[in-house]
Amino acid sequence: SEFKNYYKTYVDVRDMRMMPVALHGTDEEYTLFLTKTMQPMIDAYVAGLDAVAEEIREHVESIAEGAQNDANRSTSITIVVIVVVAVLLLLIAVRVVRSVRRSIAGLRAAIEAIADGDLTVEADESTGDELGETAERLNVARRSLAEILAGVGETTVTVASAVEELGASGEQVA
């Protein structure tokens, strides 16, 4: 606003006072007018321009500082979100690994029991994933093996009875 006042005053003095001196006065009068009247006004006008430039610079710096603060805040929020997501992913991964380990441990225990001859241990089929399907197939195989062994046991008893009867028949014949 002060700058506009300087400029308006300058234009008024230039048009109303300087132009008549320039057109109708002598060179000395014109030089004296420029030195005594116009130069101080020009200096004031330039000082006003400098003040406006300083205000603009300060305003731009303020805007830049605000933008930098916003950028820093956004960067901080982004880092926090990334860390939180990474921690959540890590927790999920740990949970999945533990679940898989439990399923594998259950399968291993059932397989070891079968290898040791214990056909009563069932593998846990409750996981509903590939390991659960594997446990289900292992349980089917374990039941089939138990049925086969039971059948072999019955056949052994039958064969033993038949051998005993043959032996008794052979003694009677002899």
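The values are calculated or read from the model by the stated rules, or taken from the named source; none is laboratory data. This structure is a prediction, so every number in the text was calculated from the model and none was measured. Please note: Cβ atoms are built from the backbone with ideal geometry, for glycine as well, and neighbour counts cover all protein chains shown. Ligands, DNA and RNA are excluded from the accessible area calculation, which covers all protein heavy atoms including side chains. Shrake-Rupley method; radii C 1.70, N 1.55, O 1.52, S 1.80 Å.
Quick look at the numbers
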{"read-out": "Residue that is farthest from LEU49 (Cα to Cα), among those in segment 1-16 that are of a type in the set (A, V, I, L, M, F, W, C) and open to solvent by less than 100 Å² (accessible area, probe 1.4 Å)", "value": "VAL13"}
{"read-out": "Residue among GLU147, GLU133, GLU154 that alone is assigned to a helix (DSSP H, G or I) and more than 60 Å from the chain's Cα centre (by Cα)", "value": "GLU154"}
{"read-out": "In segment 44-83, the residues that are open to solvent by 60 Å² or more (accessible area, probe 1.4 Å) and under 14 Å from TYR7 (Cα atoms)", "value": "VAL46, LEU49, ASP50"}
{"read-out": "Residue check for MET41: in a helix (DSSP H, G or I) and open to solvent by 70 Å² or more (accessible area, probe 1.4 Å)", "value": "no"}
{"read-out": "Unique residue being modelled with pLDDT under 90 and either surrounded by 10 or more Cβ atoms within 10 Å (Cβ to Cβ) or basic (Lys, Arg) (or both) when the list is VAL157, VAL173, VAL94", "value": "VAL157"}
